[in-house]
Protein chains: 2
Amino acid sequence: MPASDSDVLVVGGGVIGLACAYRLAAEGADVRLIDASGAQGASWAAAGMLAPISEATFGEAALTRLTVAAVPRFTALAAELEAATGSQVGLRRDGTLVVAFNSDDKAALARLSAFRSEAGLSSEPLTGRQARELEPYLATSVRSGVFAADDLSVNNRAYVTTLRAAAEAVGVAFVHEQVGGLLQSSARTHGAVTVTGVTYEAATTVLCAGSATPKLLDVEVYPVKGQILRLAVPERLSAAGPVLTRTVRGLVRGSEVYLVPRAGGEIVLGATSEQQGHDTTVTAGAVYELLRNAYELLPISSEFAFVEARAGLRPSTPDNGPLVGRVDDGLILATGHYRNGILLSAITSDAVHELAAGRGLGPEWAAFEPTRFARG
Amino acid sequence: MPASDSDVLVVGGGVIGLACAYRLAAEGADVRLIDASGAQGASWAAAGMLAPISEATFGEAALTRLTVAAVPRFTALAAELEAATGSQVGLRRDGTLVVAFNSDDKAALARLSAFRSEAGLSSEPLTGRQARELEPYLATSVRSGVFAADDLSVNNRAYVTTLRAAAEAVGVAFVHEQVGGLLQSSARTHGAVTVTGVTYEAATTVLCAGSATPKLLDVEVYPVKGQILRLAVPERLSAAGPVLTRTVRGLVRGSEVYLVPRAGGEIVLGATSEQQGHDTTVTAGAVYELLRNAYELLPISSEFAFVEARAGLRPSTPDNGPLVGRVDDGLILATGHYRNGILLSAITSDAVHELAAGRGLGPEWAAFEPTRFARG
């Protein structure tokens, strides 16, 4: 089979692979990106929350530092992509409103807010009434809330499309094939081979295959299925103004639910978290639960149009943090971004660029060495 | 604009229009069928229940007689189409199991069964336990049931596709355009004109436009929106045998719900009944309610795959019966079939053939004269 060469071969075309390919090509490398489906995985299913504050949780201090550092990198990349392509990625700076329904939820939210304050993250406690002043359609059963004004969101699909267009514009070559394995010899990676036996050689291979990464390399990444719905606010409801302005999230009977508004009336409703291997079936039970939870948070959602149901596989790791670093002289790993792939895509592409240039990474990456779970 | 002529112009390409076009062309007429969307309306959304027994209700004796008479016509047409095309329409003769959850439901079901027995329709009363012997996955909250062994079902989409193939084989010409109006002069219809001004003249026009009929003729037909889901039983659940064998239906909190099994593991879950004009939006609230009701009837349904959500507009009339008859020397009307369009398609095509040949209709059609609601 013929071999094709490039400086860099990026394996995986989700937001991590696209951002790395874009960054490396923009800095002058000859880059090829290989992916069979073209960002149809977790990146396409995602809700697009950029939520370092409302996602921050106990025991994940290093991850929180990374996600906070990622925000200005993300917004800078978004501006760069928009200028380069003339397209919009739908960045919104309206913050996240986290709500509680009962005294248990309220206490849990208060503890989490205290932790976030200690970590230097700004969030403002609200009564139920104050929460409804921000979002008038919230259920009357909402007892209290916390407003994280600095959380953002992006239209994940517009971001993927724009990133791809920008990558094409700086010369990234796209190959639509299924990778079957890495080319390795003398403890060094030389590229990848497709399932049909075509080889693509490269001085540097960047492996960004998300939940499929363990099929190519022995790493501790496992899929966490997320089922997610796309709804739309009918025009008659939004005639007097938007029905939802901010991302709203809460716990309903122990399940996390969030509603992310977009320009044009789309509302993304997510998401389940299920560990069941690589299955991406949308199930009746998950759709039912998501709609029930949305109804409890925002009763008017029952009148929204039902547009799409989809499942994606988040690439999780034992500590919920990504795996970013050099594996061998020819291989860089950038995967395992779990719930934060979109937010971390820009800062990860910077890190991969540093690694590809032979430099080390800053202290914010120390906790995310790929070898940290190495067995034995 | 150019004019095209044919013996017969059928306006509307749902099951009624297709069956009429097929029958008339099979009997030797030169037939043209005009429809913009190609059976994408109520016929495509339908569940395919052929249920003269479980649909029979108080005050609709004439309609029940017609639907009972329609069954052998339908099965004969299905056999004829299958022989002509080599395709299968997915006819199932497994009956309908109607279930009740509480004493009110149980009493209502008993009254309806008594009425059906008096009308000569066979249905067998069952205890909750007997119902679960027939369908082991039924909810334990099912208190009683009635089994209508003679109800049938058909795969509505296979039926539409087969009917269309058979119609093409006997020479029906299909025109994919939107009809804007009928051509009428001297109190007689001469064909139809498209929204772009193209005219199609015919000696006989057969108007089968379902819920869109009132846009072309002043008739008492109004749309009743039905939202319906298509689910699929995962293989792991059906490894030991089918999860559902018969159509199961019941009232859940006052809403009617039914589950219609198909070969290959598809389960159709219907349906809402909403009077809201010509809107065909699928709503979050309806999807939620359908899934909740299915769960209450058949809890294992939460594990089914969610395949499709769709809405269609049933063409209803003030007495729920169709409008079939001659309107003027050039116009035959066949519309308003409401919940029974698929079941009544064959017998309606026979009636339209009689009318087109200048003959009158039998007594089973006496109650369905198009003029019966005429104002003033």
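The values are calculated or read from the model by the stated rules, or taken from the named source; none is laboratory data. Please read these numbers as outputs of a predicted model, since none were measured by experiment. Methodologically, a virtual Cβ is constructed for each residue, glycine included, from the backbone with ideal geometry; neighbour enumeration extends over all protein chains shown. When the accessible area is computed, the model is the full protein with side chains, heavy atoms only, and any ligands, DNA or RNA have been set aside. Shrake-Rupley method; radii C 1.70, N 1.55, O 1.52, S 1.80 Å.
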* Structure fact -> Rounded to 0.05, the calculated FRET efficiency for the beta carbons of A:Asp30 and A:Glu235 at R₀ = 45 Å is 0.40
* Structure fact -> Between the modelled labels at A:Asp7 and A:Glu168 (7 Å from Cα along Cα→Cβ) the distance in nm is 2.2
* Per-selection Kirkwood Rh - the range A:262-339 (Cα, Å, 1 d.p.) -> 15.4
* In order through the range B:313-325: 3J(HN,Hα) via Karplus (6.51 cos²θ - 1.76 cosθ + 1.60), integer Hz, x for Gly, Pro -> 10, 6, x, 9, 9, x, 10, 6, x, x, 10, 10, x
* Structure fact -> Expressed per residue, the solvent accessible area of the range A:282-345 in Å² (1.4 Å probe) is about 25
* Distance between modelled label sites at B:Ser255 and A:Thr127, nm, 7 Å Cα→Cβ extension -> 3.6
* Asked: Other chains near B:230-242: what is the mean number of their Cβ atoms within 10 Å of each residue's Cβ?
  -> 1
* Please list the non-local residues whose amide H lies under 5 Å from the amide H of B:Leu331, H modeled 1.01 Å from N, same-chain partners needing a gap of 5 or more. => B:Thr189, B:Thr205
* By Kyte-Doolittle mean hydropathy of at least 0.5 and Cα axial length of at least 24 Å, which whole DSSP H helices of chain A are selected? -> A:61-85
* Please list the non-local residues whose amide H lies under 5 Å from the amide H of B:Gln40, H modeled 1.01 Å from N, same-chain partners needing a gap of 5 or more. => none
* Considering only protein heavy atoms, what is the solvent-accessible area of B:Val307 at a probe of 1.4 Å, reported in Å² to the nearest 10? -> 90
* Asked: Hey, how much of the P(r) for the protein assembly as shown falls beyond 50 Å, as a percent of Cα pairs?
  -> 30
* Evaluate peptide B:290-298: per residue, the Cβ atoms of other protein chains within 10 Å of its Cβ; return the mean as an integer. => 2
* Asked: Using the Kirkwood formula over every pair of different C-alpha atoms, what hydrodynamic radius in Å results for the range B:20-79?
  -> 14.1
* Asked: Once the Cα gyration tensor of the range A:1-110 is found, what semi-axes does its equivalent ellipsoid get, as square roots of 5 times the eigenvalues, in whole Å, sorted largest first?
  -> 35, 17, 14
* **B:Asp104-A:Ala119 FRET efficiency (beta carbon distance; Förster radius 41 Å; 0.05 resolution)** => 0.15
* **Stretch gain in nm, segment B:Asp279-B:His176, where the contour uses 0.36 nm per residue and the Cα spacing is subtracted** => 34.9 nm
* Of all DSSP beta bridges in chain B, what percent run antiparallel (nearest 5)? -> 70
* Asked: Antiparallel DSSP bridges in the protein assembly as shown: what percent, to the nearest 5?
  -> 70
* To do: Taking 7 Å along the Cα-to-C-beta vector as the label spot, tell me the B:Arg143-B:Ala76 distance in nanometres, rounded to one decimal.
  => 4.4
* Neighbour net charge for A:Gln130 - beta-carbon separation under 15 angstrom, K R +1, D E -1 -> +2
* Only Lys, Arg (+1) and Asp, Glu (-1) charged, at Cβ; the protein assembly as shown dipole about Cα centre in debye -> 1260
* Asked: Would you list B:Glu201, B:Glu220 from the most to the least accessible area, probe 1.4 Å?
  -> B:Glu201, B:Glu220
* Do the sum for chain A: with -39,500 (n - 2.57) for every DSSP H run of n ≥ 4, divided by all residues, what is the mean residue ellipticity at 222 nm, to the nearest 500 deg cm²/dmol? -> -9500 deg cm²/dmol
* **Gaussian network model of chain B, springs between alpha carbon atoms under 10 Å - residue of B:Ser185, B:Ser316, B:Ser345 with greatest fluctuation** => B:Ser185
* Taking a 1.4 Å probe, which of A:His176, A:His353 shows the most accessible area, and what order do the others take after it? -> A:His176, A:His353
* Hull surface divided by four, with the convex hull built on the Cα atoms of chain A: how many nm²? -> 18.8
* Whole-Å distance, taken between Cα centres, linking the range A:139-200 and the range B:323-376 -> 59
